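The values are calculated or read from the model by the stated rules, or taken from the named source; none is laboratory data. This one's a predicted model, so the numbers in the text were calculated from it and none came from an experiment. Positions of Cβ are generated from backbone atoms using ideal geometry, with glycine treated the same way; all protein chains shown enter the neighbour counts.
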Amino acid sequence: MKVVVLTTSYPRFAGDAAGRFVADGVRRLVDRGVAMEVVSPQHFRHFGIAYGSGIVGNLRARPARALLLPAMFAGFVRAA
């Protein structure tokens, strides 16, 4: 069985706190023999909406980026 994790936050480098809880869960399942694939904003263009202050925080800081949400989610779907 292979499990695909779709997440808007996942560590981008060693020591990155973003999505650490997701990475920890994935690691635990891999350690138990579950085949895993993670699809995160590293795999598609997120237009500065993901990471940083998080999606809500980023959109509050720059509301016009909300217009890019459909493009971001389309990229997410293609990456999955």
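Condition check ((1) touching a residue at least 12 places away in the same chain (Cβ under 8 Å); (2) surrounded by 14 or more Cβ atoms within 10 Å (Cβ to Cβ)) across all residues:
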site	(1), (2)
MET1	yes, no
VAL5	yes, yes
SER9	yes, yes
ARG12	yes, no
ASP16	no, no
ARG20	no, no
ASP24	no, no
VAL38	yes, yes
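Reported count of residues in the stretch 66-80, each being under 21 Å from VAL4 (Cβ atoms), among the aliphatic types (A, V, I, L, M) and assigned to a helix (DSSP H, G or I), is 4. Among the residues of the stretch 40-80, those identified as more than 12 Å from the chain's Cα centre (by Cα) and charged (D, E, K, R) are ARG60, ARG62, ARG65, ARG78.
Evaluate the following for ARG28: is it part of a helix (DSSP H, G or I), on the phi < 0 side of the Ramachandran plot and either among the polar types (S, T, N, Q) or out of contact with any Gly (no Cβ under 6 Å at 6 or more places or on another chain) (or both)?
Yes: the conditions hold for ARG28.
Number of residues in the stretch 33-65 that are part of a loop (DSSP other than H, G, I, E, B), among the basic types (Lys, Arg) and at pLDDT 95 or above equals 1.
For the stretch 2-9, check the following and say yes or no: at least one residue is farther than 24 Å from ALA74 by Cβ and not in a loop (DSSP other than H, G, I, E, B). Looking for residues that are farther than 24 Å from ALA74 by Cβ and not in a loop (DSSP other than H, G, I, E, B), one finds none in the stretch 2-9, hence no.
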